[in-house]
Amino acid sequence: MKTNPVIETMLGHKSIRKFTDQTPSDEVVRIIVRAGQQAPFASQYYSVLLSRNRKRNPWKAPILFTICVDSHKFELIMTRRNWKLKTNDLTLLFFGIQDAALMAENMVVAGRSLGLGSCFLGSAMFRAEKIAKEYDLPTRVFPLVQLAMGYPAEDPPERPRYPMEFTLFEDKYAKLSQNTISKAMKQMDEGYLAQDYYRNARAKIHLEGNRKETFTYDNYSWTEHICRKWGQWYPEPKELLEQLEKRGFNIAKKRKTA
Ligand SMILES: Cc1cc2nc3c(=O)[nH]c(=O)nc-3n(C[C@H](O)[C@H](O)[C@H](O)COP(=O)(O)O)c2cc1C
């Protein structure tokens, strides 16, 4: 396969959850955020919060970025230009999440190219109001995801991904045969089992309701794990909607215009 330093950096990605004591310099932090900013954008609908509070950061990471969807800044520009938002919040959030996610992943890759490791934390959106208080966020700024970063103190193996035929569909979405599904599941499950990932992470999700536990760490793997997540958690959008509303976003309503 054709390769080069950028491809190698990307293909060598692994989430890092243990960090050395070394503190990334201001210059390194700025370069990472600059590389993040240079991601393609629809509206630069984001802001990045930074915490160097190693004691409080997850995994005692020297750096914690919180990537936010930010309508506040943009609305200040609109006011200066004597405009008001007409676009509804759901549409703005879809665009904003894309802007923020592209920026965040650019930061991951930039960090890795400079020898830093990182790991996302998906819980920020459920703790949006708490994070907002901590960072004194204005309304219309929504913490989307956090990214812990620092110099790696571990070197885990690369985690598997789906096979290409389960990912890339040229011209037409493929008819997914049972065989293709089995192959995709096998690649993921055997990949994680070979690394003893869930045993090491002690990360088996508890079964709710009447289902009986039949898995041990010898056969509990990624597809079972991900099914337990999305087969049991968050049946209601309420929690997230509440966080969004508290931050001034209302995704179900047409915007009132003057
Ligand atoms: C949106 C998002 C949220 C994530 N949240 C967490 C998290 O809360 N805790 C964690 O340990 N890893 C989290 N991860 C990291 C994933 O577990 C990790 O990327 C995935 O298992 C693949 O492993 P790899 O990054 O080492 O290739 C998150 C990743 C993403 C993209």
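The values are calculated or read from the model by the stated rules, or taken from the named source; none is laboratory data. What you see is a predicted model, and the numbers here were worked out from it, not measured in a lab. Cβ atoms come from the backbone with ideal geometry, glycine included; neighbour counts cover every protein chain shown. Please note that ligands, DNA and RNA were not included when accessible areas were found on the heavy atoms of the full protein model with its side chains. Shrake-Rupley method; radii C 1.70, N 1.55, O 1.52, S 1.80 Å.
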With N set to the residue count of the chain, report its C-alpha Rg divided by 2.2 N^0.38 Å to two decimal places. 1.14
Where in the stretch 219-254 is the amide nitrogen less than 19 Å from a point lying 7 Å along the Cα-to-Cβ axis of Arg56? none
Mind checking which aspartates and glutamates have their C-alpha under 17 Å from Lys238, skipping anything on the same chain fewer than 8 residues away? Asp89, Glu129
On each of the three principal axes of the Cα atoms of the stretch 188-236, give max minus min coordinate, whole Å, ordered largest first. 34, 20, 15
How far apart, in nm, are two points set 7 Å out from the Cα along the Cα-to-Cβ line at Glu27 and at Arg80? 3.1 nm
Is the C-alpha gyration tensor of the stretch 35-177 telling us rounded, prolate or oblate? Criteria: a/c under 1.5 is rounded; beyond that, a/b larger than b/c is prolate, otherwise oblate. oblate
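State in Å² the accessible area per residue of the stretch 99-173; use a 1.4 Å probe, count heavy atoms of protein chains only, and round to the nearest integer. Walk me through the numbers before you get to the answer.
Values: 3880 Å² over 75 residues.
Here the per-residue accessible area is 52 Å².
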Taking 0.36 nm per intervening residue step and subtracting the Cα-Cα distance, what contour gain separates Met164 from Trp233 on full extension? 22.0 nm
Chymotrypsin sites (Phe, Trp or Tyr not before Pro) within the stretch 194-258, DSSP loop, no more than 16 other Cβ atoms inside 10 Å: Phe215, Tyr217, Trp233
Could you work out the helix-only [θ] at 222 nm for the chain, with each DSSP H run of four or more residues adding -39,500 (n - 2.57) and the total divided by the number of residues, to the nearest 500 deg cm²/dmol? -12000 deg cm²/dmol
Among the lysines, which fall within straight-line cross-link reach of Lys18, defined as a Cα-Cα distance under 19 Å, with same-chain neighbours fewer than 8 residues apart omitted? Lys55, Lys60
What FRET efficiency, computed as 1/(1 + (r/R0)^6) with R0 = 35 Å and r the Cβ-Cβ distance, is obtained for Asn210 and Asp136, rounded to the nearest 0.05? 0.15
Over the stretch 165-258, what per residue volume does the convex hull of the Cα atoms give, in whole Å³? 203 Å³
Which one, Asn106, Asn179, Asn88, has the greatest fluctuation when you compute a Gaussian network model over the chain with C-alpha springs under 10 angstrom? Asn179
One finds, for Gln37 and Thr3 with R0 = 41 angstrom and r their Cβ-Cβ distance, a FRET efficiency to the nearest 0.05 of 0.95
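Just the Kirkwood number for the stretch 106-239, please: inverse of mean 1/r across all distinct Cα pairs, in Å, one decimal. Please report the intermediate quantities before stating the final value.
On the way: mean 1/r = 0.0544 Å⁻¹.
18.4 Å is the Kirkwood radius here.
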Search the structure for amide H atoms under 5 Å from the amide H of Leu121, placed 1.01 Å from N in the peptide plane, and list their residues when 5 or more places away or on another chain. Gln146, Leu147, Ala148
Backbone HN-Hα couplings from phi across the stretch 217-224 [Karplus 6.51/-1.76/1.60, Hz, Gly and Pro as x]: 5, 6, 10, 6, 9, 4, 5, 5
Over its alpha-carbon atoms, the stretch 74-146 yields an Rg and a Dmax in Å of 15.0, 45
